[in-house]
Amino acid sequence: ACDRNENYDAAMETWEQLATVWERQLPDTPDRDGLKQKLALVYRRIGELAWHLEDTYAARSAYQKALTYTPEDLELRLRLVGLTLEEEDFDAVFRQLRELRRRHPDNVRVLEITVTAHLEIGDYPKALQSALDILKLDPKHENARELLRSLGGNQAKELCETNQQRQAVRLLQSFIQVDATYLPFYVLLGEALLDQDKLTEAKEVLGKCIEIAEDKALVHAQVGKAYMYTGYFEHAEAHFKEAEGLAAEQPDVLLTIGTAYMPYDMRKANHYLNKLIASRPDEPEVFEEIAQELLNADKPELAQQILNRGLKVFPQSIPLLVSLITVGVVMENYRLVRQTAKKLRKLATAAGDFKVLEMLSTLEMMLSFRETFGGKFGEYEYDDESF
């Protein structure tokens with residue numbers, strides 16, 4: 001009754017009294033196993049209530065007591081790991097997890113907490129490996145798949161950017177083994193192979209990508225972009241023609257081809273981007289999309305150019321100015337950041353856009369911090385993600 005009425009202190013006291021009564025009965029009861037199960041349940045509930053009341057010491061003691069009655073209860077051991085994780089004692093967390101992995105090598109719940117622990121300390125490669133292990137056991141595990149696609153793609157890109165294409169290839173191949181329908185992995189793998197001049201292998205991977213794609217026009221354009229960025233211009237243009245033949249006016253196709261040409265041939269780039277912009281004459285968002293595509297390709301200078309072009313048409317666009325600040329931060333062009341922030345503050349104040357004004361206050365604090373202590377944006381930040 002106390003428990004149901006959320007009178008948790010009284011509930012804990014009563015559960016503890018019941019545990020004492022049953023423990024006294026334990027030596028003489030004919031059904032020792034049954035009574036041990038009951039005691040384990042009582043101590044489990046005491047642990048839950050203590051954790052809810054933020055008394056981690058009492059919660060740990062209760063769970064450990066419950067384990068004396070049901071020592072093979074994996075869920076209780078996982079709860080103890082969760083308590084240790086909450087206390088941020090990561091050495092103890094990984095000791096506990098190693099023991100659980102040894103005893104339960106194919107348990108998804110153990111692997112889930114392992115992923116969380118690695119994310120908490122920012123060890124993304126090990127978090128990814130644990131996510132891969134989960135997907136080998138449970139191919140439909142949604143959280144593991146989402147993690148693989150977001151962090152996995154970023155890690156592969158970082159390896160390529162630091163001339164570690166061989167490692168990127170191995171990593172992407174392991175991703176495709178457990179997530180065979182995610183097309184960006186194939187494009188990244190093809191690009192990594194092209195960077196190593198492995199044209200035949202790259203063709204096979206990129207051909208598979210097109211084969212399984214639903215939107216073949218867009219994937220032809222993306223594959224063409226991979227060839228373009230690695231210097232295989234004839235192969236790139238062949239795929240661009242395929243894309244145009246399938247969907248010459250499709251906005252995503254125009255965006256992909258146009259941004260692919262920008263670093264190499266502005267005349268051709270403008271041909272596609274002008275068609276895209278003309279199809280959306282009253283939408284400043286189109287310039288944001290182009291800029292974001294260029295940022296994703298690590299070409300912030302070109303992103304700045306396209307945003308400046310957009311601001312000539314839409315000088316009062318708050319989203320375009322926000323995007324320009326992002327580009328300035330990426331390029332570490334803090335003069336551009338300050339100039340843009342000054343314009344943006346006037347517009348956001350007039351529009352009553354408090355979200356943007358809050359963002360600008362944070363930005364100004366970061367700029368002041370940087371000028372005082374040096375360093376780059378984000379250097380002192382801790383990304384507290386959880387699985």
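The values are calculated or read from the model by the stated rules, or taken from the named source; none is laboratory data. Keep in mind that this is a model prediction, so the values were computed, not measured. Glycine also receives a Cβ, built like all others from the backbone with ideal geometry; neighbour counts cover every protein chain displayed. For accessibility, only protein heavy atoms count, side chains too; no ligands or nucleic acids. Shrake-Rupley method; radii C 1.70, N 1.55, O 1.52, S 1.80 Å.
Each row is one residue, and each column tells you yes or no for (1) over 30 Å from LEU172 (Cα atoms); (2) basic (Lys, Arg); (3) modelled with pLDDT of 95 or more.
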residue	(1), (2), (3)
GLY34	yes, no, no
ALA50	yes, no, no
ASP55	yes, no, no
ARG60	yes, yes, no
ASP73	yes, no, no
ARG79	yes, yes, no
LEU83	yes, no, no
GLU86	yes, no, no
GLN129	no, no, no
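Taken over region 16-51, the criterion of being farther than 20 Å from GLU75 by Cα, in a helix (DSSP H, G or I) and not aliphatic (A, V, I, L, M) is satisfied by GLU16, GLN17, THR20, TRP22, GLU23, ARG24, GLN25, PRO27, ASP28, ARG32. Among the conditions (1) touching a helix residue (DSSP H, G or I) at 6+ places or on another chain (Cβ under 6 Å); (2) within 29 Å of LEU188 (Cβ to Cβ), the only one that LEU311 does not satisfy is (2). In summary, TYR227 fulfils each of the numbered conditions (1) at pLDDT 95 or above; (2) more than 27 Å from PRO300 (Cα to Cα); (3) not acidic (Asp, Glu) with the single exception of condition (2). If the condition is being surrounded by fewer than 19 Cβ atoms within 10 Å (Cβ to Cβ), of a type in the set (A, V, I, L, M, F, W, C) and in contact with a helix residue (DSSP H, G or I) (Cβ under 6 Å, 6 or more places away or on another chain), then region 330-355 contributes VAL330, MET331, LEU336, LEU347. Looking across region 280-314, the residues that are touching a residue at least 24 places away in the same chain (Cβ under 8 Å) and basic (Lys, Arg) come down to ARG280, LYS299.
Can we say ALA1 is of a type in the set (A, V, I, L, M, F, W, C), exposed (fewer than 11 other Cβ atoms within 10 Å of the Cβ) and within 46 Å of the chain's Cα centre (by Cα)? Considered against the rule, which asks whether it is of a type in the set (A, V, I, L, M, F, W, C), exposed (fewer than 11 other Cβ atoms within 10 Å of the Cβ) and within 46 Å of the chain's Cα centre (by Cα), ALA1 comes out as yes. Among the residues of region 303-324, those identified as within 20 Å of LEU357 (Cα to Cα), part of a helix (DSSP H, G or I) and out of contact with any Ser or Thr (no Cβ under 8 Å at 6 or more places or on another chain) are ILE318, PRO319, LEU320, VAL322, SER323.
Assigned to a helix (DSSP H, G or I) and more than 30 Å from ASN143 (Cβ to Cβ) - does that describe any residue in region 67-87? Within region 67-87, one or more residues are assigned to a helix (DSSP H, G or I) and more than 30 Å from ASN143 (Cβ to Cβ).
Evaluation of VAL205 against the conditions (1) open to solvent by 20 Å² or more (accessible area, probe 1.4 Å); (2) closer than 29 Å to THR114 by Cα; (3) touching a Phe, Trp or Tyr at 6+ places or on another chain (Cβ under 7 Å); (4) not charged (D, E, K, R) shows that the sole unmet condition is (2).
Looking at this structure, is ASP55 closer than 30 Å to ALA117 by Cα, surrounded by 13 or more Cβ atoms within 10 Å (Cβ to Cβ) and not aromatic (Phe, Trp, Tyr)? In short, yes.
Okay, residues lined up against (1) open to solvent by 30 Å² or more (accessible area, probe 1.4 Å); (2) in contact (Cβ under 8 Å) with a residue 12 or more places away in the chain:
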| residue | (1), (2) |
| --- | --- |
| ASP9 | yes, yes |
| GLN17 | yes, no |
| LYS36 | yes, yes |
| TYR63 | no, yes |
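Among the residues of region 175-192, those that are over 22 Å from GLU242 (Cα atoms), of a type outside the set (D, E, K, R) and either in contact with a helix residue (DSSP H, G or I) (Cβ under 6 Å, 6 or more places away or on another chain) or crowded, with 17+ Cβ neighbours inside 10 Å (or both) comprise PHE175, ILE176, VAL178, ALA192. Taking first residues from region 160-187 that are closer than 16 Å to GLU201 by Cα and partners that are open to solvent by less than 30 Å² (accessible area, probe 1.4 Å) and aromatic (Phe, Trp, Tyr), the Cβ contacts under 8 Å between residues at least 6 apart in sequence or on separate chains come to LEU172/PHE185; ILE176/PHE185; ILE176/TYR186; PHE185/PHE175.
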